[in-house]
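The block underneath contains the structure these notes are about, expressed in structure tokens.
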Amino acid sequence: MNSYRIPFNKPFIAGKELEYLNQAVENGQLAGGGKFTKLCNEWLEKELSCRRALLTQSGTASLEMAAILLDLHPGDEVIMPSYTFVSTANAFVLRGAVPVFVDIRTDTLNIDEKKISAAITDKTKAIVPVHYAGKSCDMDTILEISRGNSIYIIEDAAQALLSKYKNKYLGSMGDVGCISFHETKNIISGEGGALLVNAPELIDRAEIIWNKGTNRKQFVNGAVEKYTWVDIGSSFLPSELTAAFLMAQLEQSEGIIKRRCVICDRYNDGLRELEQKGVFIRGQHCCDRESNGHMYYIILQSGEVRTKLINYLRDKGILAVFHYVPLHSSPAGLKYGRVSQSMNVTNDISSRLLRLPLYYQMTNTDVDTVIECIYDYFRKGKSQ
Ligand SMILES: *Cc1c(COP(=O)(O)O)cnc(C)c1O
């Protein structure tokens, strides 16, 4: 499958994954909620300073849990960027809520906080800041808007594990935060995620929803005699096998993030000259000590240049990719959501942004090869 000399992504094995999988098998519990689930939850609570962390099957499942937990009903509105992954919106549409799309900023590509107030109506129930590329949204402004209007904040921190905003971890500032451990993220378990519950009053119900709508937690703690169905919920726990794999990754997270940041810095230094010549703009998320090196992107002059550069790199054995089709213009987005004001920045950026290969095992030589090929392409372009 992987025929590229430099693929876009490669899952990284940090070290003790197989050892911990063996231990999980030996422990005799494969279903979720065992020793490794607890270890992962505790690690997240301690490292991120969140009140309660609950491991889930995916970032998507975390968003779906958030939508249940915050009691979203048909017709409720949820403000979010259009420039994001489908799950950000889909999780709320499943509850009958309406995504209201707001344009993004030109620098961070995060939701434009100045345009949020204009999107608020008496139906607005929540705002979902998506921390794109692991770079923080303007949380001070967003939290202030939420307090003034009694609106929930659900941080989509799927890409942002261990990134910070003013010394606080992303995902730990909203009422809840959602993390992903999908194999394309920094810290992985194949599929996987976590819901971070920060608002104390939401913790008990979060545990019930997590446990398929039962009071199993209280039963295990001896607080109730019978364990029964008390609320809506679903099967959100991942198995112990997933948790065991993840624990090995979490233990190495600092080193993984450090290396990814070094790669981002190297791209950023190497590509400076092309930016100075006005060939493209480099993403702003790199080279700042607060983000987690999740992504390296450039913004080209047009979609046409992007297509040509992708093809050129592919011929050299390098896979570069782009995303997202803006949700407001996707078939389901048109059906289930609506826009608030103009989507000019979203439309423009989504047509020109290009992500470069980035994975832990990438060597400095690999990074330099990508940089060289990009220079080659633009030199050729000039002489043609
Ligand atoms: C990856 C991602 C998700 C979904 O996470 P999964 O674990 O793949 O379900 C949601 N939102 C954003 C912004 C993401 O990047």
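None of the figures in this text is laboratory data; all of them are computed from the coordinates on show. Values in this document were obtained by computation on a predicted structure and should not be read as measured data. Cβ: placed from backbone, ideal geometry, glycine included. Neighbour counts: every protein chain shown.
Per-structure values
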read-out: About the Cα centre, charge dipole magnitude for region 207-351 (Lys/Arg +1, Asp/Glu -1 at Cβ), debye; value: 320
read-out: Counted charge near ASN90, where neighbours are those whose Cβ lies closer than 14 Å (Asp, Glu -1; Lys, Arg +1); value: 0
read-out: Total formal charge among the other residues, if their Cβ is under 15 angstrom from that of ARG52, Lys/Arg +1 and Asp/Glu -1; value: -3
read-out: Phi to ³J(HN,Hα) by Karplus 6.51 cos²θ - 1.76 cosθ + 1.60 over region 339-350, Hz, x for Gly, Pro; value: 9, 10, 6, 6, 10, 4, 5, 4, 4, 5, 4, 5
read-out: Cα-based helix-to-principal-axis angle, 303-315 vs the chain, degrees rounded to 10; value: 90
read-out: Rounded to 10°, Cα long-axis angle of helix 139-149 versus longest principal axis of the chain; value: 50
read-out: Degrees, to the nearest 10: 253-270 long Cα axis against longest axis of the chain; value: 20
read-out: Whole-angstrom gap from region 343-366 to region 8-45, using each part's C-alpha centre; value: 30
read-out: Total charge dipole magnitude, the chain, about the Cα centre, Cβ charges on Lys, Arg, Asp, Glu only, Debye to nearest 20; value: 760
read-out: Interchain or long-range residues, amide H under 5 Å from VAL339's placed H; value: PHE101
read-out: Overall dimensions of region 115-242 as given by Cα atoms, namely Rg and Dmax in Å; value: 16.7, 51
read-out: Per-residue ³J(HN,Hα) for region 63-76, Karplus 6.51 cos²θ - 1.76 cosθ + 1.60, θ = phi - 60°, Hz, x for Gly and Pro; value: 5, 5, 4, 4, 5, 5, 4, 8, 6, 6, 10, x, x, 4
read-out: Percentage relative contact order, the chain, counting C-alpha pairs under 8 Å, at least six apart; value: 23
read-out: nm² value of the averaged projected area, convex hull over the Cα atoms of region 315-354; value: 3.6
read-out: Residue of SER189, SER163, SER350 that the Gaussian network model of the chain assigns the largest fluctuation, springs spanning Cα pairs under 10 Å; value: SER350
read-out: Under 18 Å from the PHE378 label point (7 Å along Cα→beta-carbon), backbone N, region 263-279; value: 264-279
read-out: Estimated FRET transfer efficiency (ASP231, ASP368; beta-carbon r; R0 41 Å; 0.05); value: 0.15
read-out: Whole-number Å³ per residue for the convex hull built on Cα positions in the chain; value: 140
read-out: Mean separation of Cα contacts under 8 Å, 6 or more apart, over the residue count of region 240-384: relative contact order %; value: 28
read-out: Antiparallel bridge percentage (DSSP; both residues within the chain; nearest 5); value: 55
read-out: Over the chain: helical MRE at 222 nm, DSSP H runs n ≥ 4 each giving -39500 (n - 2.57), nearest 500; value: -12000 deg cm²/dmol
read-out: Potential lengthening between LYS114 and GLU201 on full extension [0.36 nm per residue; Cα-Cα distance subtracted]; value: 28.4 nm
